[in-house]
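> I have a structure here, written as structure tokens, and I will follow up with some questions on it.
The values are calculated or read from the model by the stated rules, or taken from the named source; none is laboratory data. The shown structure was predicted, so the numbers you read here are calculated from the model rather than taken from an experiment. Here the Cβ positions follow ideal geometry from the backbone for every residue, glycine too, while neighbour counts run over all protein chains shown.
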Amino acid sequence: MGVSGSGKTTIGKRLARRLGFEFADADAYHPQANIDKMAAGVPLTDADRRPWLAALRALIEARAAGGRSLVLGCSALKRSYREALAGERAADGGRAGGGREPRVTFVYLRADYDTILERMERRQGHYMKAGMLESQFRDLEEPQDAVTVDVTGSVAAAVRQALSGLAGRGVTPPAPGRSDAEPRRRDGAPPRGGAPPQRGGHGGDDHEEEPT
């Protein structure tokens with residue numbers, strides 16, 4: 001999670017590959033009306049995001065029902081959006097009444113406004129306009145319970161930091177010999193959150209490119 005330009009796709013794909021999970025880009029689940037608004041430089045409202053968040057939650061539930069883990073690259077700027085994605089349960093908590101549900105852990109890709117603005121001004125081929133960045137930072141409600149990653153440096157450094165933070169919460173790659181459809185956590189519980197890995201993509205994780 002994080003504002004546009006923080007590296008959700010680049011870092012998310014690397015993270016998914018290292019964990020053996022699937023990757024999904026939340027932007028691909030926006031209805032066309034939302035894409036048109038963003039392309040025109042019009043910020044989305046909470047009402048605009050509601051069906052999008054519902055589609056993402058359905059994706060998480062579908063992967064969990066199939067025993068698969070997912071790294072989902074999603075802005076998730078507000079606490080209410082994260083609650084919608086998590087199904088009203090926090091990464092380290094549970095729903096009262098205790099039904100079995102997907103566990104969701106948020107990884108917050110953090111950088112200052114000036115760093116992200118500089119990246120956005122160099123960015124091409126994306127419908128998010130650099131001028132909308134201010135509204136994203138205004139909407140951002142920084143999470144208190146997420147794995148927080150400094151993305152002012154290289155992709156490789158951010159991936160290492162994210163993996164370390166996730167490992168501390170029991171989110172690790174599948175055991176040798178297990179398939180991607182059978183991820184596990186150290187405590188044997190279902191893996192926390194994420195998105196399924198899309199194969200291929202970038203080169204090695206030590207490539208010192210800038211997050212996008």
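Each row is one residue, and each column tells you yes or no for (1) at pLDDT below 95; (2) touching a helix residue (DSSP H, G or I) at 6+ places or on another chain (Cβ under 7 Å); (3) surrounded by fewer than 18 Cβ atoms within 10 Å (Cβ to Cβ).
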{"position": "Leu15", "(1), (2), (3)": "no, yes, no"}
{"position": "Leu19", "(1), (2), (3)": "no, no, no"}
{"position": "Phe23", "(1), (2), (3)": "no, yes, no"}
{"position": "Ala26", "(1), (2), (3)": "no, yes, no"}
{"position": "Ile35", "(1), (2), (3)": "yes, no, yes"}
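> From Glu208, Glu134, grab the single residue that is exposed (fewer than 14 other Cβ atoms within 10 Å of the Cβ) and modelled with pLDDT of 70 or more.
On the way: Glu208 fails: modelled with pLDDT of 70 or more.
Answer to the check: Glu134.
> Select from the range 131-176 the residues that are among the hydroxyl-bearing types (Ser, Thr, Tyr) and free of Cβ contacts under 8 Å to residues at least 12 places away in the same chain and list them in ascending order.
Within the range 131-176, the subset among the hydroxyl-bearing types (Ser, Thr, Tyr) is 135, 148, 152, 154, 164, 172.
Ser164, the sole residue that qualifies.
> Oh, and also: With respect to Ala47, is the statement that it is of a type in the set (A, V, I, L, M), over 24 Å from Lys13 (Cβ atoms), out of contact with any helix residue (DSSP H, G or I) (no Cβ under 8 Å at 6 or more places or on another chain) and in a helix (DSSP H, G or I) true? Even if it seems obvious, please write down each step before you answer.
Numbers: of a type in the set (A, V, I, L, M): yes; over 24 Å from Lys13 (Cβ atoms): yes; out of contact with any helix residue (DSSP H, G or I) (no Cβ under 8 Å at 6 or more places or on another chain): yes; in a helix (DSSP H, G or I): yes.
It is true that Ala47 is of a type in the set (A, V, I, L, M), over 24 Å from Lys13 (Cβ atoms), out of contact with any helix residue (DSSP H, G or I) (no Cβ under 8 Å at 6 or more places or on another chain) and in a helix (DSSP H, G or I).
> May I ask you to say which residue of Leu72, Leu85 is at pLDDT 95 or above, in contact with a Leu (Cβ under 9 Å, 6 or more places away or on another chain) and assigned to a helix (DSSP H, G or I)? Show your work before the answer.
Values: Leu72 fails: assigned to a helix (DSSP H, G or I).
Step by step, each of Leu72, Leu85 is checked, and only Leu85 is at pLDDT 95 or above, in contact with a Leu (Cβ under 9 Å, 6 or more places away or on another chain) and assigned to a helix (DSSP H, G or I).
> Next question. Could you check Ala54 against (1) modelled with pLDDT of 95 or more; (2) surrounded by 21 or more Cβ atoms within 10 Å (Cβ to Cβ); (3) assigned to a helix (DSSP H, G or I) and say which number it fails?
That leaves (2) as the condition not met.
> Next question, about the same structure. Any idea how many residues of the range 53-69 are more than 17 Å from Thr105 (Cβ to Cβ) and touching a Leu at 6+ places or on another chain (Cβ under 8 Å)?
Number satisfying all stated conditions: 1.
> Follow-up question, since we're still on this one. Search the range 60-69 for residues being in contact with a Pro (Cβ under 9 Å, 6 or more places away or on another chain) and assigned to a helix (DSSP H, G or I), and hand back the single one that is farthest from Met1 (Cα to Cα).
In this case the residue turns out to be Ala65.
> So how many residues does the range 1-25 have that are under 11 Å from the mean Cα position of the chain (by Cα) and not in a helix (DSSP H, G or I)?
The total comes to 8.
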